[in-house]
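Data first, discussion second: the structure below is written as structure tokens.
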Amino acid sequence: MGRDYRGVWRNRDELYREAVAEFGPALDRVAAAYEADRERRSDLRQEIHFQLWRSFERFDGRCSARTWAFRVAHNVAISHVNRERRRNTRLVSLEEVQQPAAAPVSEPDMDRDRALTELRRLILQLKPLDRQIVTLYLEEMDAASIAEVTGLSAANVAMKVSRIKNILAERFAQERRHAG
């Protein structure tokens with residue numbers, strides 16, 4: 001008796017399409033949180049999508065599709081960071097990434113954009129697990145959901161979120177003091 005692979009493939013494709021429709025922009029933000037270089041980030045996004053599609057063959061519904069998608073994305077991103085470290089390449093900061101020309105923006109918008117760019121740069125400097133936790137937190141996941149993705153306890157996640165927020169706030173303030 002052979003297995004009906006068409007059913008598996010169709011189900012995997014449907015699950016993948018639904019996940020991308022619902023979480024696609026968030027998965028792009030995950031890639032951006034782990035890779036500053038535009039070309040490597042594009043490669044990382046493709047790898048996340050490919051691995052997510054492949055993973056749905058094993059998806060059994062014991063966690064939400066959202067948790068599953070983020071778990072896959074973060075695992076792929078952490079593997080990417082580790083590969084980059086082994087290659088001993090220099091990671092590119094967000095300031096070095098060329099931004100496309102944009103329409104003129106007002107001063108408050110420029111300040112907000114600079115602050116967001118600085119925050120992204122600071123997040124990129126965190127250790128991979130901390131980067132993973134703060135990225136999920138910024139995607140408005142609660143401690144229990146983050147715990148499912150990371151394998152940590154919800155209490156440990158809550159403690160780490162608090163510490164990471166404090167670290168980022170301190171570093172952000174330092175950067176502002178040195179810039180001013």
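The values are calculated or read from the model by the stated rules, or taken from the named source; none is laboratory data. Bear in mind that the values here come from a model prediction, so they are computed numbers and not experimental data. Cβ sites come from the backbone with ideal geometry, for glycine too, and all protein chains shown count toward neighbours.
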Here is a list of conditions, (1) farther than 25 Å from D37 by Cβ; (2) not in a helix (DSSP H, G or I), and L126 meets all of them except one; can you say which number that is?
(1)
Consider only pairs whose beta carbons are under 7 Å apart and that are at least six residues apart or on different chains; among these, list those whose first residue lies in the range 167-180 and is at pLDDT below 85 and whose second residue is among the aliphatic types (A, V, I, L, M) and assigned to a helix (DSSP H, G or I).
F172/L119; F172/L122
Any hit, the range 149-159, residues being outside any helix (DSSP H, G or I) and exposed (fewer than 14 other Cβ atoms within 10 Å of the Cβ)
yes
Taking helices (runs of 4 or more DSSP H) that fall entirely within the range 1-100, which contain at least 3 residues that are among the charged types (D, E, K, R), surrounded by 15 or more Cβ atoms within 10 Å (Cβ to Cβ) and at pLDDT 90 or above?
38-55
